[in-house]
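**Q** Sending over a structure as structure tokens; questions will come in a sec.
The values are calculated or read from the model by the stated rules, or taken from the named source; none is laboratory data. Small disclaimer: the values here were computed from a predicted structure and weren't measured. Backbone-built Cβ (ideal geometry, glycine too); neighbour counts: all protein chains shown. Heads up: the accessible areas ignore ligands, DNA and RNA and are worked out on the full protein's heavy atoms, side chains in. Shrake-Rupley method; radii C 1.70, N 1.55, O 1.52, S 1.80 Å.
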Amino acid sequence: MKSVTFADVASLVGQEVGVSDWVEITQERVNQFAEATGDHQWIHVDVERATREIGGPIAHGYLTLSLIPFLGAGLLNVSGVTRGINYGTEKVRFTNMVRVGKRVRMRQKLTGVEPKAGGLQLKNECTIEIEGEERPACVAETISIIYGG
């Protein structure tokens, strides 16, 4: 894990801040996401049909996107932060399917830091990679705000 102080976080702009561990995308996780969101499309939850028609079930794109906070949790320690919030995303692209049973990880690059609302607004390029595949599953530019105390 990379560490930096709140005052020095801007020194990391342009750098990769880390790469997460691999996480397996299980059918159970996909089913739980379907329950939470109401998205029960067969390509995600009907294992028999998905296997027959498309070679197996795939994760929801938004499930993949929702893993960003989890995958990024251990990548960068900013000391002196009292709280942080998700502010949004500028751009999200789902560039490859994640088949159930595959493992994903995230590569995160800090692309910008600027003062915002009494804190610092951080922009990160988050690339979710699929083990053994050239094209990533998702590329997103995320925005968060951290506050120091």
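**Q** Taking the Cβ of E24 as the center, what net charge do the other residues with Cβ under 12 Å away carry, scoring Lys and Arg +1 and Asp and Glu -1?
**A** Its environment carries a net charge of +2.
**Q** Please work out how many pairs of lysine residues in the stretch 1-144 are eight or more positions apart (or on different chains) and have Cα atoms closer than 19 angstrom.
**A** 5
**Q** Moving on to the next point. Give the accessible surface of the chain per residue, rounded to a whole number of Å², with probe radius 1.4 Å and ligands, DNA and RNA excluded.
**A** It amounts to 55 Å² per residue over the chain.
**Q** Also, I was wondering about something else. Treat every Asp and Glu Cβ in the chain as -1 and every Lys and Arg Cβ as +1, leave all other atoms uncharged, and give the resulting dipole magnitude about the Cα centre to the nearest 20 debye.
**A** 240
**Q** Length gain on complete extension for the stretch T26 to A73, per 0.36 nm per residue less the alpha carbon to alpha carbon distance?
**A** This chain segment gains 14.9 nm when fully extended.
**Q** Quick one: helix 27-37 against the long Cα principal axis of the chain, what's the angle to the nearest 10°, folded into 0 to 90?
**A** 70
**Q** Right, here's the next one. Under a 10 Å cutoff between Cα atoms, tell me which one of P69, P136, P57 has the largest fluctuation in the Gaussian network model of the chain.
**A** Checking each option, the largest mean-square fluctuation is seen for P69.
**Q** Counting only protein heavy atoms, what percent of the accessible surface of the stretch 38-149 is carbon or sulfur at a 1.4 Å probe?
**A** Within the stretch 38-149, the accessible surface is 48 percent carbon and sulfur.
**Q** For the chain, what is the relative contact order in percent, using Cα pairs closer than 8 Å and at least 6 residues apart in sequence?
**A** Once normalised by length, the contact order is 30 percent.
**Q** Which value, in debye to the nearest 20, describes the size of the charge dipole of the stretch 57-114 about its Cα centre when Lys and Arg Cβ atoms bear +1, Asp and Glu Cβ atoms bear -1, and nothing else is charged?
**A** So the dipole magnitude of the stretch 57-114 works out to roughly 340 debye.
**Q** Oh, and also: I need the calculated FRET efficiency for the pair W42 and R83, taking r as the beta carbon distance and R₀ as 41 Å, to the nearest 0.05.
**A** Using R0 = 41 Å, I get an efficiency of 0.50.
**Q** Just the Kirkwood number for the stretch 37-116, please: inverse of mean 1/r across all distinct Cα pairs, in Å, one decimal.
**A** About 15.5 Å, per the Kirkwood formula over Cα pairs.
**Q** OK, next. Given points 7 Å out from each Cα along the Cα-Cβ axis, report the Y62 to A117 separation in nanometres with one decimal.
**A** The answer from the label model is 2.2 nm.
**Q** If eta is 1.306 mPa s and T is 10 °C, what Stokes-Einstein diffusion coefficient results for the chain, Kirkwood Rh from Cα pairs, in µm²/s?
**A** Roughly 97 µm²/s, to the nearest whole number.
**Q** What does the charge count near W42 come to, summing +1 for each Lys or Arg and -1 for each Asp or Glu among other residues with Cβ under 12 Å from its Cβ?
**A** So the environment of W42 carries a net charge of -2.
**Q** Using protein chains only and a probe of 1.4 angstrom, how many square angstrom of W42 are accessible, to the nearest 10?
**A** My reading of the accessible area for W42 is about 70 Å².
**Q** Now for a separate question. Would you compute, from DSSP H runs of 4+ residues alone, the mean residue ellipticity of the chain at 222 nm, taking -39500 (n - 2.57) per run and dividing by the full residue count, rounded to the nearest 500?
**A** So the calculated ellipticity at 222 nm is -5500 deg cm²/dmol.
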